[in-house]
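The values are calculated or read from the model by the stated rules, or taken from the named source; none is laboratory data. Everything quoted here is computed from the prediction, not taken from an experiment. Cβ: placed from backbone, ideal geometry, glycine included. Neighbour counts: every protein chain shown.
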Ligand code: UDP
């Protein structure tokens, strides 16, 4: 126990941007409460990324542990969130197996850190299932952080338990037990569910993650109750998961964001340049296109997006995973863009190469729509600032989040990949025509207007949830009180 009478919360982030950004926000939320001391446990190369996201005024300690790269046979730099986001995915399953082995070898360094700092509880990413035992060893509760909302958490459990895709020959199926008669096709399931097989290390990891949840104290959910009440109830009452919804956690991160730009690999465009550009645009006139920190489209797909934007003719901010251009490089050297694209769209478009200040851009009133891959952080960030979406999921639980946005909340429409896809394998692209139709429907039609109206209602609910007396604010207070009582702080 802490001699100062504080509750000491230790936080162990997984090193991918989509996991690290929200769990650091959670650390900041804990630290913002009276009588709570917070420590983030991370590796040396990730420490600068962590620090960058923490305002100097926040009392958050960073405890370093060594990443066992050599023992697992992965390069030293693979420990960083930048590496995971930019390179790890492309290195294929063999590398990822080794990487997750290295992650599992973090257990001993974590145990040593816990022995040293003696926290009262551990909040750790779901990708570290073994950390439940580490917490158990020190007699402290472990709280799981998944990085997704209730809808995706519930859908994943229903699919894992009932395996509807295995019993059904037909193309689509209704997710068994899940409220709302949600339809999915087998191809919309994450690979870990589709290719479940004995001995597959990822199948094992998913099984361990599920098992470890049972051994954990509860789950911290980055969502707010009012957003998905049926699924919050289902998660607690039907699936029996003790949990606390304390989001949207990004709302607490605004000010430090403005100061630092966010995590990641250097900002492709400075925040102030983006904002200045947006100032010159009409409300709800700009579409923002970004596919998160991992999704990396082939050049052929980028060309289709460019063609769709040009043919639509409206204003856009488009984030692409390309290195920022040097002075000497001209547009003609960039093969992924149609020749002359930037000249022709100079007035209307802003391309950000690299990392965008997403939250700031999304929050601007000129932005009226968001083309998103439906990573949970992006989805929730969009909801938090009241934006309607074109959903373009790529992998993992993004297809579940798409259903929440389109079928449950009614604040987005799908790009309809199955209708507009051409080619196979590496040559597969979604055609410009399909992208343009979706963008037009969202930005120019009444349908889009109605979606923006609903999205703005959700924005208000999100703001209320995090204010004092709001559901998420109270939920965090309840959790802290409970943890304090448990550890006699
Ligand atoms: N992000 C950003 N700038 C970018 C790309 C991503 O700030 O150029 C942030 C985004 O705001 C979100 C996170 O990175 O917080 C991406 O997480 P998400 O769950 O949406 O997707 P993932 O990257 O995990 O696929």
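Considering only residues of the range 379-418 that are assigned to a loop (DSSP other than H, G, I, E, B) and closer than 19 Å to residue 320 by Cβ, which is farthest from the ligand (Cβ to nearest atom)?
415
Determine, yes or no, whether residue 171 is outside any loop (DSSP other than H, G, I, E, B) and over 23 Å from the mean Cα position of the chain (by Cα).
no
Only one of these conditions is not met by residue 361: (1) touching a helix residue (DSSP H, G or I) at 6+ places or on another chain (Cβ under 7 Å); (2) surrounded by fewer than 23 Cβ atoms within 10 Å (Cβ to Cβ). Which number is it?
Condition not satisfied by residue 361: (2).
Name the one entry in 71, 76, 59, 63 that is loosely packed, with under 15 Cβ neighbours inside 10 Å, in contact with a helix residue (DSSP H, G or I) (Cβ under 8 Å, 6 or more places away or on another chain) and closer than 27 Å to residue 484 by Cβ.
After ruling out the rest, the residue left standing is 59.
Which members of the range 87-112 meet the condition of being touching a strand residue (DSSP E or B) at 6+ places or on another chain (Cβ under 7 Å) and assigned to a helix (DSSP H, G or I)?
109, 110
Which residues, counting only those in the range 245-291, are at positive phi and modelled with pLDDT of 95 or more?
Answer for the range 245-291, where residues must be at positive phi and modelled with pLDDT of 95 or more: just 284.
From the list 395, 388, 407, which one is closer than 20 Å to residue 451 by Cα, out of contact with any helix residue (DSSP H, G or I) (no Cβ under 7 Å at 6 or more places or on another chain) and in contact (Cβ under 8 Å) with a residue 60 or more places away in the chain?
407
Quick one: would you say residue 47 is assigned to a helix (DSSP H, G or I), in contact with a strand residue (DSSP E or B) (Cβ under 7 Å, 6 or more places away or on another chain), free of Cβ contacts under 8 Å to residues at least 24 places away in the same chain and surrounded by fewer than 19 Cβ atoms within 10 Å (Cβ to Cβ)?
yes
Filter the range 105-123 down to residues that are touching a helix residue (DSSP H, G or I) at 6+ places or on another chain (Cβ under 8 Å) and over 18 Å from residue 28 (Cα atoms) and give me whichever is surrounded by the fewest Cβ atoms within 10 Å (Cβ to Cβ).
Filtering the range 105-123 for residues that are touching a helix residue (DSSP H, G or I) at 6+ places or on another chain (Cβ under 8 Å) and over 18 Å from residue 28 (Cα atoms), the one surrounded by the fewest Cβ atoms within 10 Å (Cβ to Cβ) comes out as 107.
Please pick out the residue among 355, 376 that is modelled with pLDDT under 95, within 30 Å of residue 149 (Cα to Cα) and within 16 Å of the ligand (Cβ to nearest atom).
Of the residues listed, the single one that is modelled with pLDDT under 95, within 30 Å of residue 149 (Cα to Cα) and within 16 Å of the ligand (Cβ to nearest atom) is 355.
All but one of (1) part of a helix (DSSP H, G or I); (2) within 13 Å of the ligand (Cβ to nearest atom); (3) more than 18 Å from residue 358 (Cα to Cα) hold for residue 443, so report the exception by its number.
Just one mismatch for residue 443, condition (2).
Can you confirm whether the range 300-318 contains a residue that is closer than 21 Å to residue 49 by Cβ and in a loop (DSSP other than H, G, I, E, B)?
No.
Restrict the check to the range 126-136 and report whether at least one residue is part of a strand (DSSP E or B) and touching a residue at least 24 places away in the same chain (Cβ under 8 Å).
Scanning the range 126-136, I find no residue that is part of a strand (DSSP E or B) and touching a residue at least 24 places away in the same chain (Cβ under 8 Å), so the answer is no.
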